[in-house]
Every structure is written in C-alpha cells, then in structure tokens.
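Here is the structure we will look at.
The values are calculated or read from the model by the stated rules, or taken from the named source; none is laboratory data. What you see is a predicted model; the values in this text were computed from it and never measured. Cβ placement follows ideal geometry from the backbone for every residue including glycine, while neighbour counts extend to all protein chains displayed. We work out accessible area using only protein heavy atoms, side chains counted, and drop any ligands, DNA or RNA first. Shrake-Rupley method; radii C 1.70, N 1.55, O 1.52, S 1.80 Å.
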Amino acid sequence: MMKRVVRLISGLNRRMMKLLFALALIAYIACKYTNLDCFDIVVSPLREKIRDLEQSFSQKYPPVKFLSEKDRKRILITGGAGFVGSHLTDKLMMDGHEVTVVDNFFTGRKRNVEHWIGHENFELINHDVVEPLYIEVDQIYHLASPASPPNYMYNPIKTLKTNTIGTLNMLGLAKRVGARLLLASTSEVYGDPEVHPQNEEYWGHVNPIGPRACYDEGKRVAETMCYAYMKQEGVEVRVARIFNTFGSRMHMNDGRVVSNFILQALQGEPLTVYGTGSQTRAFQYVSDLVNGLVLLMNSNISSPVNLGNPEEHTILEFARLIKSLVGKGCIQFLSEAQDDPQRRRPDIRKARMMLGWEPVVPLEEGLNKTIQYFSRELEHQANNQYIPKPKAARMKKGRPRHN
Ligand code: NAD
Ligand code: UDP
Ligand code: UDP
C-alpha cells in the first residue's frame, strides 16, 4: 500500500515538473523575443481607461442647492442642449430642481450639458418634439426650435413642424399632467416692425411667404396654440418674446451676427455686414435672459412679455465694437438679406413693472466673455480635439432632409 502511494506522488511530481518546465520555457522565450515596448503600447491605454473610469465615478458636479420635496419641481426643458436651453438647465439644476432635457440635437450638442450627465437630478432624452412625448412633469420650458436664420431657413418644413406640431404635443403633455408651459417665443413675431420700440400690444408686420415666415409664422401659431389651450383646456401658459441673445455655447457656425463677427475678427477675416449696416438690433447676455425666463415662469403673468436689452445699436456700430474688442479684422459690405427687419428694440416696461426684471450685464462685458469662449473653442479645434458638430452644421445643401 505504502509503495503504491509513493509511486503515485512521484508520478504526479514528474508530471508537475514537466508542466513547470514548459511554463518556464515559454516565459523565457516571451521575455527574450517579445518587445516590451509593444507590451506598454497595449497596456498603457488600458491603464488610462481605468483612470478615466475612476475619475468619472468620482465626478464633481457644479454645486446644487438642496430643495425639500415640496419645493423641488420636475422640469422639462425642450431644446435644453442648445445655447439658451443649456444655460437654463444649469440654473434650474443649481437651484435644486429635477431637470429633464429633451433634444433631437439638430442645432444643440450633448457637450453643452455633459457636465450634468450622471447626476441624480438630471436626465437627457434624445427625442424630436414633433413626436408625442409621455412623461410626468410640473413645468415645461418649451425652447425646441432652431433659432438662427440660416438654421431655420435650411429646412423650413421642419421648422414649421417643430413650432406647430411640436408645440401642440407639449401643450397636450401640459394638459394631461397639469403642468405649466412657458413658450420661448421671439421678437420675430413683430416681423419688420412699423412700431418702435416694440411693445407687447403691437401685432407685428410679417411677410407670411418670405424666407423668415417658417420661423416667424411658426412662432405666431405657437403663441396662438398656447392661448387656445389656456382658454379651452385651462392650461397655464407663459409666453416670453425673446430678443437677440448672445453668450457662451452659441454655436460658432450658426450664422448669427454675434458668432459671425467674433469668429471673423478672431480669424483676422473681414466682418461681413449685410446691406449698409444701418439696420439695428439690441443684444442681451444669456444670463439676463435665463433669469427673466425663470421669473416669468414663476409669475402669474399669462400674457406675452418681452425679454431683451433695450440698448440699440446699428449693425455697423456693432461690427466696429467687436473689431475693437478683438483688436483685429476689417469690415466688408455684402448684399442685404431679404426681409431683414430694419429696426428692433424691445420695450421692456412690462417686464420691469411686473417681474422686477431688467438686463444687468453690460454689452461689452458680455461680448468679452463670449470672445474668450470662442477663442477657447478655436484653440480646441487647432489642437485637433474632436468637437462634434450639431446636425444642422453637418448638413450640406442638396442633401436629403428628413422632416
Ligand atoms: P439653439 O439652436 O441653440 O437651440 C435650440 C435647441 O432646440 C437645440 O438644442 C436643437 O437641437 C433643439 N431642437 C430643434 N428642433 C427640435 C426638435 N424638433 N425636437 C427637439 N429638439 C429640437 O437656439 P437658442 O438660441 O438656444 O434658442 C432657444 C429658443 O429660444 C428657441 O425656441 C428660439 O426660437 C428662442 N429664441 C432665441 C433667441 C436668441 O437670440 N438666441 C431669440 C429669440 C428666440
Ligand atoms: N400628447 C403628448 N403627450 C401627452 C399628451 C398628449 O405628446 O402626454 C400629444 C398628443 O399626441 C396629441 C397632442 O399632444 O397629438 C395634443 O394632445 P390633446 O390631448 O390636446 O389632443 P388629442 O390627443 O385629443 O388630439
Ligand atoms: N448680419 C450681418 N452680418 C452677418 C450676420 C448677420 O450684417 O454676418 C445682420 C443681419 O442681416 C441682421 C442682423 O445682423 O440685420 C442680425 O442678424 P442675426 O442673424 O443675428 O439675427 P436676426 O435678428 O436677424 O434674427
């Protein structure tokens, strides 16, 4: 018996010895003939990936106030990944609310709200408001719509659908869940105005078949729908008539005057003034607008309210100002745009009296911040860092457009 046990162990040992020898041989060959650099090339990105993952788990979010269950609202922002929507998202998140952003990324970008992704109060839904949406919310800020003339003129049918069917869907949602809806309307409802400055009583002067009509008439119908749902269905509505707004996260290539002029000046190219440059606009900084939107939403004013900065400038003056702030560029005159409103300045007495609101950021201060933002964006591009373009910027004329 004893002899059999000894034989078995020695047999096992022999087999084990062979295995160990084979492993040692493989290890020796691997060390001798494989390139350790190759090993590093494979392993270092994995190490980096693990580091990134560790960092993302301990991600720091901007500071968020604590709100009791009673005060905390579930807020939907359509178009929340766009320029204005993303700043509104920041404010409402930091105020401690639960924010759901719905966006189809036509002109918006995930990047604008990525700093909230993963936060327990935040949700991002890729959805087109032209399709119905069934969620539960207390307030709806309805901003979804392209806003810059080249973007909304690119696909006028889609612009109309977004502002009409999209608004109808959001009003249907507001009706079903008993939410209050704020519509981001526009000074464009006044068209090329014959009344100056424009107050909320003015009915406007819009060409219903011109190139701007898809947006202007789309927003006018959206307003009409709000008041039809208010009267017929008792939906609580708020209507903000927003005047020209600028600031960080405007898309550099959206074709609006602020982005065009800043980009052109920074790149040392001529600032393209359409027509003589005698047409006027009044520009507000985005933080002023966002404060106005939140005040209006939480007020008891259901009639339309202008939100804009009443400081009016000709476009030529504006080009000269940006040229001097950036410190380079020259001015080039191009042909006039069709149906371009000639004078625009908001009368903000109603907002002042009923909301206690007025813009506080001086034009130059806002422009300097925006210039800094654009410089950083250009630096990113120069360093070949990939900045995904919104869908609108990727589209080329002649390509099929999906309505
Ligand atoms: P923006 O283009 O940066 O943002 C609009 C957002 O809506 C984008 O994120 C876009 O992807 C999204 N969107 C467009 N169509 C959609 C659809 N069908 N479904 C879901 N999402 C959709 O523009 P902005 O300057 O932030 O404008 C926001 C709102 O304010 C718009 O309604 C605009 O009409 C209004 N407004 C803006 C200004 C201004 O100067 N910025 C002036 C007047 C009115
Ligand atoms: N709707 C929606 N979400 C909802 C409720 C309605 O998107 O939670 C849409 C619905 O698809 C409809 C639109 O809103 O097309 C208008 O709704 P409403 O109830 O007023 O009209 P109806 O459904 O009776 O035509
Ligand atoms: N504009 C310009 N050069 C540009 C872009 C715009 O002169 O490169 C003018 C445009 O004709 C209009 C004004 O600037 O008179 C504001 O244009 P924007 O597209 O920003 O907004 P709008 O107020 O017309 O919707």
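Some points to look at:
- Boolean, ILE348 is farther than 23 Å from ASP192 by Cβ, modelled with pLDDT of 95 or more, among the β-branched types (Val, Ile, Thr) and in contact with a Leu (Cβ under 8 Å, 6 or more places away or on another chain): no
- Any hit, the stretch 153-168, residues being in a loop (DSSP other than H, G, I, E, B), away from ligand 3 (no atom under 16 Å from the Cβ), charged (D, E, K, R) and surrounded by fewer than 22 Cβ atoms within 10 Å (Cβ to Cβ): no
- Breaking point among (1) more than 16 Å from ligand 2 (Cβ to nearest atom); (2) open to solvent by less than 10 Å² (accessible area, probe 1.4 Å); (3) more than 25 Å from ASP90 (Cβ to Cβ), for ALA240: (3)
- Residues of the stretch 131-148 classified as over 10 Å from ALA179 (Cβ atoms) and buried (at least 19 other Cβ atoms within 10 Å of the Cβ), total: 9
- The set of residues in the stretch 351-376 that are under 25 Å from the mean Cα position of the chain (by Cα), away from ligand 1 (no atom under 16 Å from the Cβ) and not in a loop (DSSP other than H, G, I, E, B) comprises GLU364, GLU365, ASN368, ILE371, GLN372, SER375, ARG376.
- Within the stretch 106-120, if we keep just the residues that are away from ligand 3 (no atom under 16 Å from the Cβ) and crowded, with 19+ Cβ neighbours inside 10 Å, the residue that is nearest to ILE242 (Cα to Cα) turns out to be GLY108.
- Members of the stretch 84-105 that are of a type in the set (A, V, I, L, M, F, W, C), within 11 Å of ligand 1 (Cβ to nearest atom) and open to solvent by 20 Å² or more (accessible area, probe 1.4 Å): VAL84, PHE105
- Scanning the stretch 110-149 for residues that are assigned to a loop (DSSP other than H, G, I, E, B) and within 30 Å of GLU336 (Cα to Cα) yields LEU143, ALA144, SER145, PRO146, ALA147, SER148.
- Qualifying positions in the stretch 182-237 - among the hydrophobic types (A, V, I, L, M, F, W, C), open to solvent by 50 Å² or more (accessible area, probe 1.4 Å) and out of contact with any Ser or Thr (no Cβ under 6 Å at 6 or more places or on another chain): VAL195, TRP203, ILE209, MET230
- Annotation: LYS158 fulfils all but one of (1) under 20 Å from the mean Cα position of the chain (by Cα); (2) within 24 Å of ALA351 (Cα to Cα); the unmet one is (2).
- Of the set (1) buried (at least 22 other Cβ atoms within 10 Å of the Cβ); (2) within 15 Å of ligand 1 (Cβ to nearest atom), all apply to LEU271 but (2).
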